Amino acid sequence: MLKLGLTGGIASGKSVVGEMFVKLGAHLTKADVIAHQLMEPGRPVYDEIVRCFGAGILNPDCTINRAKLAEAAFGAPGSTAASGGAATSGGAMVVGSAVPRVTELNAIVHPAVIAHENEWMKEIISCDPNAIVIVEAALILEANTGDRFNRIIVVTCQPEQRIQRYARRHGISEDAARAEVTRRMAAQIPDEEKVKAADFVIDNSGSLESTAEQVRAVFTVLRSIA
């Protein structure tokens with residue numbers, strides 16, 4: 001089995017690239033989807049998040065309001081706290097007022113997500129020992145979990161594209177998207193540093209066909225070493 005970590009900044013196109021790999025024969029799981037499942041009422045992760053962040057993050061039906069949780073963790077969009085954290089060239093986080101809450105949230109969610117991913121990989125290898133498995137996750141490098149994988153793939157795009165894509169995805173204005181992207185990127189390592197840690201880089205700033213061509217080239221190499 002070849003274990004791959006697929007990562008990149010917010011709205012870089014990780015999911016698009018991941019699905020392209022799936023069409024070529026890879027197996028894919030998404031950390032974000034797993035995290036959402038683990039945050040459902042009755043799950044231990046849900047209970048711990050509510051204990052730490054309070055009932056104010058809940059909807060009337062007691063499900064977690066993700067916008068409220070994001071604001072509690074990252075700070076309000078456009079606030080000083082939202083830009084309080086940045087990564088140094090070595091990948092360490094410079095802590096601002098919002099980052100300790102992000103760290104707190106990640107400490108609750110990441111171990112449970114990783115355990116789920118490991119079980120998923122065990123199931124795949126039991127059926128296909130030569131499988132190529134991909135974990136799509138935004139914070140692989142930030143969480144220092146890159147050594148779980150045989151190779152790291154980083155997806156990049158232009159900063160303004162990130163904002164435009166986020167706005168389209170969520171049906172919001174570009175100004176609102178810019179504030180949200182800035183807030184979230186404050187807790188992520190810049191693309192320049194991610195690229196340095198990557199085994200493969202896929203530039204998703206061009207056409208879909210250009211991205212697909214890069215994915216096919218990477219997959220050919222992966223198949224040769226799987």
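Data table
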read-out	value
Count of residues meeting criterion [basic (Lys, Arg) and under 20 Å from HIS36 (Cα atoms)] in the stretch 115-145	0
Residue count, the stretch 191-210 (criterion: among the polar types (S, T, N, Q), farther than 19 Å from ILE163 by Cα and either surrounded by 16 or more Cβ atoms within 10 Å (Cβ to Cβ) or at pLDDT below 95 (or both))	0
Residues that are closer than 24 Å to ASN130 by Cα and among the small types (Gly, Ala, Ser), drawn from the stretch 22-61	GLY25, ALA26, ALA31
Which numbered condition GLN188 misses (of (1) modelled with pLDDT of 95 or more; (2) out of contact with any Cys (no Cβ under 8 Å at 6 or more places or on another chain); (3) under 15 Å from LYS14 (Cα atoms))	(1)
Test for PHE53: is it of a type in the set (Phe, Trp, Tyr), modelled with pLDDT under 90 and surrounded by 14 or more Cβ atoms within 10 Å (Cβ to Cβ)	no
Members of the stretch 115-151 that are assigned to a loop (DSSP other than H, G, I, E, B) and closer than 16 Å to PHE21 by Cβ	ASP128, ASN130, ALA131, ALA137, ILE140, PHE149, ASN150
Whichever residue in the stretch 56-112 is surrounded by fewer than 19 Cβ atoms within 10 Å (Cβ to Cβ) and among the acidic types (Asp, Glu) and, among such residues, is modelled with the highest pLDDT	ASP61
Tally, over the stretch 186-213, of residues that are assigned to a helix (DSSP H, G or I) and over 12 Å from VAL154 (Cα atoms)	6
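The values are calculated or read from the model by the stated rules, or taken from the named source; none is laboratory data. Predicted, not measured: the structure shown is a model, and the values here were computed from it. So basically every Cβ, Gly included, is an ideal-geometry build from the backbone, and we count neighbours across all protein chains shown.
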